[in-house]
1. Among the residues in the stretch 40-53, are any in a loop (DSSP other than H, G, I, E, B) and closer than 15 Å to Glu10 by Cβ?
2. Would you please name the residue that is modelled with the highest pLDDT, looking only at residues in the stretch 156-178 that are of a type in the set (A, V, I, L, M, F, W, C) and buried (at least 20 other Cβ atoms within 10 Å of the Cβ)?
3. Given the criterion more than 29 Å from Arg156 (Cα to Cα), touching a residue at least 40 places away in the same chain (Cβ under 8 Å) and not small (Gly, Ala, Ser), identify the matching residue among Ile294, Ile252.
4. For the stretch 19-42, give me the residue count where each residue is open to solvent by less than 60 Å² (accessible area, probe 1.4 Å), farther than 14 Å from Leu7 by Cα and not polar (S, T, N, Q).
5. What are the residues in the stretch 276-318 that are at pLDDT below 95, loosely packed, with under 13 Cβ neighbours inside 10 Å and either in contact with a Pro (Cβ under 9 Å, 6 or more places away or on another chain) or outside any loop (DSSP other than H, G, I, E, B) (or both), if any?
6. Given the residues Arg12, Arg45, which is the only one that is within 18 Å of Tyr62 (Cβ to Cβ), open to solvent by less than 90 Å² (accessible area, probe 1.4 Å) and either without any contact (Cβ under 8 Å) to a residue 24 or more places away in the chain or under 38 Å from the mean Cα position of the chain (by Cα) (or both)?
7. So, restricting to helices (runs of 4 or more DSSP H) that lie completely within the stretch 62-123, which ones have at least 1 residues that are in contact with a Cys (Cβ under 9 Å, 6 or more places away or on another chain), at pLDDT 90 or above and surrounded by 18 or more Cβ atoms within 10 Å (Cβ to Cβ)?
8. Only residues that are in contact (Cβ under 8 Å) with a residue 40 or more places away in the chain and more than 26 Å from Leu167 (Cβ to Cβ): list them for the stretch 211-241, please.
Amino acid sequence: MNSYHQLTQEERYAIAGLCMAGHSQAEIARCLGRSPSTICREFHRNLTHHDGNYRAEKAHSYAVARRRRCRRRAHFSASDMATVAGLLRRKWSPEQIAGTLRKRGTLLISHETIYRRIRWDKRIGGDLWRHTRIMSKFGRKRYRSIDSRGVLPGKRHISERPPEVALRKVFGHWEGDTVIGQDKHHSILTLVERMTGFTILKKLSDRNTSEVTRAATRAIRRHCRRFKTLTLDNGTEFHNYAALEQCFPVTIYFATPYHSWERGSNENLNGLLRQYLPRGTCFRHVTQAQCDHIADDLNHRPRKRLDFDTPAQLYHRH
């Protein structure tokens with residue numbers, strides 16, 4: 001197996017220093033643990049053009065420019081890119097595509113190359129970029145106001161949650177939130193299992209306590225043995241959480257208001273959902289069947305943190 005790797009910028013600075021100190025090419029090679037032919041080739045290719053001296057900064061810029069020029073020709077066929085485009089239209093991220101194709105032995109392509117392809121496709125009027133995830137802007141921070149959001153006596157704070165939950169090593173710990181449509185009524189309850197990333201979506205005709213409690217009851221009843229804890233957002237729609245705890249052996253916790261990163265898995269899921277239902281979409285005509293289809297699509301999408309297995313594969317192993 002060939003273990004050769006190209007000279008780094010740090011190595012080029014070392015070469016320049018050793019050269020100024022009067023060391024021969026063979027001595028430089030020994031100091032760097034490199035082959036003498038590598039050092040000889042470096043001097044031959046990257047001496048400064050106007051005076052023939054070796055300067056590290058110039059040498060590195062020559063090498064980088066040469067590498068870019070040799071990569072200008074496409075290394076992937078139209079068929080390869082059609083495969084990539086097909087997966088992008090299935091809402092897979094470039095990292096998911098690159099990792100899965102590599103794991104299957106189908107195609108060796110980097111996610112950076114796929115991003116470049118998306119940008120090129122957009123410049124020529126293509127629509128691949130519309131199938132990639134769009135990150136939303138952060139909301140306004142309320143640093144100077146007293147926070148009264150989600151105030152309800154007796155709620156368990158996320159700090160009381162077992163430490164094992166944060167590690168994503170134990171199955172059965174979930175996070176939940178609601179994603180609201182343009183009309184401010186029709187919404188979707190999103191639930192995600194932290195270890196596997198398995199997703200459940202429930203359509204809500206209104207974003208209120210009774211609707212959310214009914215939808216959560218349906219979701220937990222179907223997967224009851226797989227729910228140990230549930231960490232929720234502080235919205236008032238979750239204020240009837242005690243009814244869920246009475247019906248099922250699940251303990252419910254609440255994140256700190258305006259600390260969305262405390263429910264990182266769920267926030268990530270909400271961002272993925274927006275690929276299918278972008279901001280500004282009215283959910284009035286979204287059906288439960290559509291929600292099930294989106295959840296199934298997400299559950300069969302490979303994830304980098306799962307070594308490009310899918311959430312469904314890991315979930316059903318448990």
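1. No, because not a single residue in the stretch 40-53 is in a loop (DSSP other than H, G, I, E, B) and closer than 15 Å to Glu10 by Cβ.
2. Trp174
3. On inspection, the qualifying residue turns out to be Ile294.
4. 2
5. If the condition is that a residue be at pLDDT below 95, loosely packed, with under 13 Cβ neighbours inside 10 Å and either in contact with a Pro (Cβ under 9 Å, 6 or more places away or on another chain) or outside any loop (DSSP other than H, G, I, E, B) (or both), then Arg305, His316, Arg317 are the ones that fit.
6. Going through Arg12, Arg45 in turn, just one is within 18 Å of Tyr62 (Cβ to Cβ), open to solvent by less than 90 Å² (accessible area, probe 1.4 Å) and either without any contact (Cβ under 8 Å) to a residue 24 or more places away in the chain or under 38 Å from the mean Cα position of the chain (by Cα) (or both): Arg12.
7. Correct list: empty, since no element meets the threshold.
8. Once the filter is applied, which keeps residues that are in contact (Cβ under 8 Å) with a residue 40 or more places away in the chain and more than 26 Å from Leu167 (Cβ to Cβ), the stretch 211-241 yields Gly235, Thr236, Glu237, His239.
The values are calculated or read from the model by the stated rules, or taken from the named source; none is laboratory data. In this text the structure is predicted, and so the values were computed from the model without any measurement. Quick reminder, even Gly has a Cβ in these numbers, built from the backbone with ideal geometry, and neighbours come from all protein chains shown. Heavy atoms of the whole protein, side chains included, go into the accessibility calculation; ligands, DNA and RNA do not. Shrake-Rupley method; radii C 1.70, N 1.55, O 1.52, S 1.80 Å.
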